[in-house]
Amino acid sequence: MADVKSVGVIGGGQMGSGIAQLAAVAGIGVWLVDLDSEALKRATQSITNSVQRFVSKGQISREVATNALKNLKCTSNLEDLQSADVIIEAIVESEDVKKKLFSELDRIAKPSAILASNTSSISITRIASATSRPCQVIGMHFMNPPPIMKLVEIVRGADTSNETFMTVKTMAERFGKIIVCSQDYPGFIVNRILIPMINEAFFTLYTGVATREDIDTGMKLGTNQPMGPLELADFIGLDVCLSIIKVLHVGLGDSKYRPCPLLVQYVDAGRLGRKRGIGVYTYGKQQELVKSSSRL
Ligand SMILES: NC(=O)c1ccc[n+]([C@@H]2O[C@H](COP(=O)([O-])OP(=O)(O)OC[C@H]3O[C@@H](n4cnc5c(N)ncnc54)[C@H](O)[C@@H]3O)[C@@H](O)[C@H]2O)c1
């Protein structure tokens, strides 16, 4: 089993930046890749802030934090991933876009490199089919936010080798994570159960059963969850939730997975959740705008 010394992370959004942070803190050299240079600036800032919070809480030493920031390099050029031992993709949740990227990575990455996807729901077997190395393709599904959440769901495609599985499992454990292993079926374990619950919460709001606050409070206090399902949907991103429920609907062929029209409408309106300042709820500057327009 290969010792991982260098990792590439593609996508510097909420997930990719957190995954890059985990690898950097674990003492591994990281290239973080994003097409958008602004996303790379935001990622570097959020990693720096997050690492400092871990130091101030006494969870990592100052020396580990300083080295972690030295381990991290940002680029918009995929060719910089030529020497990476493991490449973890965390770009937009679209099968076509991911397959195109994996086919490019197959050309760029060294022959021994493992190609992992942080997809929430897309078939690893189909992503792997875009490469000439399906035995070295695997799902590595981190939870949001990756530096905090303990779980990594490892998803084996039809051809994923034991060696690939063991390398990725060892790396996830080095990141301080607990792993569960899922077969490659739509939604894997966590989202197969979580996303229909979020979709049902949208139906509950859509059909006027209760207000968004009562739905969230009901589920928080009634089922002992740290966040209500609508609040959680805003945190995950409504676009991400919608694409996962669509994958479940198509992949499992059951009408119980049909997306709630209200979720579809919010995504159409660009109400994507916390990352846009507005989703089911409003946040930050958007919250001020809503307050002032309601005073007019
Ligand atoms: N948000 C969550 O809670 C969550 C949880 C687990 C898994 N995921 C999965 O992780 C992936 C990323 O989700 P996210 O929430 O971080 O998205 P995000 O929108 O925050 O970030 C995606 C980033 O990818 C970049 N990008 C898009 N196409 C690219 C390309 N071809 N090359 C390089 N960069 C590119 C974008 O510029 C953006 O910065 C998705 O597959 C999603 O399903 C999300």
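The values are calculated or read from the model by the stated rules, or taken from the named source; none is laboratory data. Here the structure is a predicted model, which means the values were calculated and not measured. In this analysis, Cβ positions are derived from the backbone assuming ideal geometry, glycine residues included, and neighbour counts consider all displayed protein chains. The protein model used for the area step is the full one, side chains on, heavy atoms only, and it has no ligands, DNA or RNA in it. Shrake-Rupley method; radii C 1.70, N 1.55, O 1.52, S 1.80 Å.
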Selection from the range 161-183 of residues that are open to solvent by less than 30 Å² (accessible area, probe 1.4 Å) and charged (D, E, K, R): 177
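Restricting the search to the range 6-35, which residues are of a type in the set (Val, Ile, Thr) and over 17 Å from residue 139 (Cα atoms)?
So in the range 6-35, the residues of a type in the set (Val, Ile, Thr) come out as 7, 9-10, 19, 25, 28, 30, 33.
Hits for the range 6-35 are 25, 28, 30, 33.
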Count - residues of the range 108-149 that are surrounded by fewer than 19 Cβ atoms within 10 Å (Cβ to Cβ), part of a loop (DSSP other than H, G, I, E, B) and either among the basic types (Lys, Arg) or assigned by the TED database to the domain that holds residue 248 (or both): 1
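Pick from 29, 8: which is touching a residue at least 40 places away in the same chain (Cβ under 8 Å) and open to solvent by 20 Å² or more (accessible area, probe 1.4 Å)? If you could, list the steps in order and put the result at the bottom.
Numbers: 8 fails: open to solvent by 20 Å² or more (accessible area, probe 1.4 Å).
Exactly one of 29, 8 is touching a residue at least 40 places away in the same chain (Cβ under 8 Å) and open to solvent by 20 Å² or more (accessible area, probe 1.4 Å), namely 29.
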Residues being more than 16 Å from the ligand (Cβ to nearest atom) and either closer than 11 Å to residue 21 by Cα or open to solvent by 70 Å² or more (accessible area, probe 1.4 Å) (or both) - total across the range 50-65: 9
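Is it the case that some residue within the range 198-213 is under 20 Å from the mean Cα position of the chain (by Cα), closer than 23 Å to residue 283 by Cα and not hydrophobic (A, V, I, L, M, F, W, C)?
Initial filter on the range 198-213 (under 20 Å from the mean Cα position of the chain (by Cα)): 198-199.
Keeping just the survivors that are closer than 23 Å to residue 283 by Cα gives 198-199.
This time we only want the ones that are not hydrophobic (A, V, I, L, M, F, W, C), so: 199.
Scanning the range 198-213 turns up at least one residue that is under 20 Å from the mean Cα position of the chain (by Cα), closer than 23 Å to residue 283 by Cα and not hydrophobic (A, V, I, L, M, F, W, C).
Show me the helices (runs of 4 or more DSSP H) entirely contained within the range 203-275 in which 1 or more residues are of a type in the set (Asp, Glu) and in contact with a Pro (Cβ under 9 Å, 6 or more places away or on another chain). Lay out the reasoning, then the answer.
Numbers: elements: 212-223, 229-236, 238-252, 261-268.
Ranges flagged: 212-223.
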Residues that are more than 17 Å from the chain's Cα centre (by Cα), surrounded by fewer than 17 Cβ atoms within 10 Å (Cβ to Cβ) and within 10 Å of the ligand (Cβ to nearest atom), drawn from the range 76-101: 76, 100
Selection status of residue 200, surrounded by 13 or more Cβ atoms within 10 Å (Cβ to Cβ), touching a helix residue (DSSP H, G or I) at 6+ places or on another chain (Cβ under 6 Å) and modelled with pLDDT of 95 or more: no
Residues of the range 34-49 classified as open to solvent by less than 50 Å² (accessible area, probe 1.4 Å) and touching a helix residue (DSSP H, G or I) at 6+ places or on another chain (Cβ under 6 Å), total: 3
Residue in the range 148-161 that is among the polar types (S, T, N, Q), touching a residue at least 24 places away in the same chain (Cβ under 8 Å) and within 13 Å of the ligand (Cβ to nearest atom) present: no
Selected residue (only one of 253, 228 is modelled with pLDDT of 95 or more and surrounded by 21 or more Cβ atoms within 10 Å (Cβ to Cβ)): 228
